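Each reported figure results from applying straightforward, stated rules to the coordinates on display, with no laboratory input. Being a predicted model, the structure only gives us computed values, none of them experimental. Cβ: placed from backbone, ideal geometry, glycine included. Neighbour counts: every protein chain shown.
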Amino acid sequence: MRIVFAGTPAFAVPSLKALLAAGQKVIAVYTQPDRPAGRGHQLKPCPVKEAALSYGLAVRQPPTLRSAQVIEEFSRLKPDLLVVAAYGLILPKPLLTIPPLGAINVHASLLPRWRGAAPIQRAILAGDKETGVTIMQIVEKLDAGPMLLQKAVPILPHETAGALCERLARLGAEALLEALAALAKGTVEWKPQDESQATYADKIAKDEAYLDWSQSAGQLARKVRAFNPWPVAFTQFGGQRLKIWRAEAVECSAHEAPGTIVRAKKTLEVATGEGCLRLLEVQLPGGRIMAAEAFLNAHRCQGLCLG
């Protein structure tokens, strides 16, 4: 098949590499324009662009796919199929009708649960026990197309969004190859989604990472996991922003106000609305990520109130 691939972040790279390893003909790669990054705000290519160039693939980076010129250029490629994985731009209907086999998407959830931009983080925040990947047909409505196949995996107890993303990226690549085999054989059975079960994974906002200590320790621990590696959960410590990279909920009988550090010897535990949150790895502005025990060696914490 003549395949056009569209993707942007690291999640999409295993799918692109799987297509190439399987001998598929990837005729072009679409990805978002380079973005400023780092202290110098210099333009930096995304992971998919870097991977595509390393394989000598043609890369296109239009800021939108809605223009007539972009649609015409896409049409001239004469693709059989469009494969999408976390591309991040809306695909207009005229473009979707060009490939004879349509467009399929590698989505990081068990649809119809968690349609939208941040399915991995939202699954962790909600305390879901499992998630997975769905290969679905792309339609105009967001992540609402019929499904070709799904693969489920458990969400591990202490798994961060970053670790889960890597696992689902590999799983998505496997599922994609199975889907292509079914398309090639003509044995596809599209399954419609149950609209009554649909939930939406809104884009993550930076201020969501602020920890509200009146919430339960379980909720806060899920926040820490969901926002690692971005935007990273944080609180206020002595007028400075304290990032919390790893933490776990523990039972405790503390009667102090939520946010109060109730234990600061070898372990760093904070009272919450229910239970305590044990901080495991933290970071102050300009400093390195450090274990809580090392942080306690450098700072007096007992009885202080965070937030």
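Which of the cysteines in the chain are isolated, no other cysteine C-beta under 4.7 Å?
When partners are defined as cysteine Cβ atoms under 4.7 Å apart, the chain leaves Cys46, Cys165, Cys301, Cys305 without one.
So what is Rg over Rh here for the range 83-233, counting just Cα atoms and using Kirkwood for Rh?
Answer for the range 83-233: 1.01.
For a protection proxy built on the mean count of beta-carbon atoms within 10 angstrom, sort 215-222, 15-22 highest first, please.
Going by the mean number of other Cβ atoms within 10 Å, highest first, we get 215-222, 15-22.
Give me the one-decimal nm value for the distance between modelled label points at Ala37 and Glu166, 7 Å along each residue's Cα-to-Cβ direction.
It works out to 1.7 nm between the two label points.
What ranking do 200-209, 270-279 get when scored by the average of other Cβ atoms within 10 Å per residue, highest first?
Those peptides, ordered most packed to least, come out 270-279, 200-209.
Just the C-alpha atoms of the range 206-298: what Rg/Rh do they give, with Rh taken as the Kirkwood radius?
0.93
Sorting Met147, Met1 on the 10 Å Cβ count, fewest up front, what's the list?
By the 10 Å Cβ count, ascending: Met1, Met147.
Within the range 185-226, find all residues whose amide N lies under 19 Å from a label point positioned 7 Å from the Cα of Thr267 along Cα-to-beta-carbon.
216-225
Would you kindly derive the ³J(HN,Hα) couplings of the range 202-210 from the backbone phi angles with the Karplus curve 6.51 cos²θ - 1.76 cosθ + 1.60 (θ = phi - 60°), listing them in order in whole Hz, with x for Gly and Pro?
Working through the residues one at a time gives 4, 4, 6, 9, 4, 5, 5, 7, 6 Hz.
Would you work out which of Pro63, Val106, Ala221 lies farthest towards the positive end of the dipole of the chain, given +1 charges on the beta-carbon of Lys and Arg and -1 on that of Asp and Glu, about the Cα centre?
Pro63
What length, rounded to one decimal in nm, is gained on full extension from Ser75 through to Leu53, with 0.36 nm per residue of separation minus their alpha-carbon distance?
That pair, Ser75 and Leu53, stretches by 5.7 nm at full extension.
On a 32 Å Cα-Cα criterion, which of the cross-link pairs Lys129/Lys206; Lys17/Lys44; Lys93/Lys129; Lys44/Lys206; Lys49/Lys151 come out too long?
Lys93/Lys129
Can you tell me the dipole magnitude for the range 2-201 around its Cα centre, using point charges on the Cβ only (Lys, Arg +1; Asp, Glu -1), in Debye to the nearest 20?
400
Just from its helices, what would the mean residue ellipticity at 222 nm be for the chain, if runs of 4 or more DSSP H residues each count -39500 (n - 2.57) and the sum is divided by every residue, rounded to the nearest 500 deg cm²/dmol?
-7500 deg cm²/dmol
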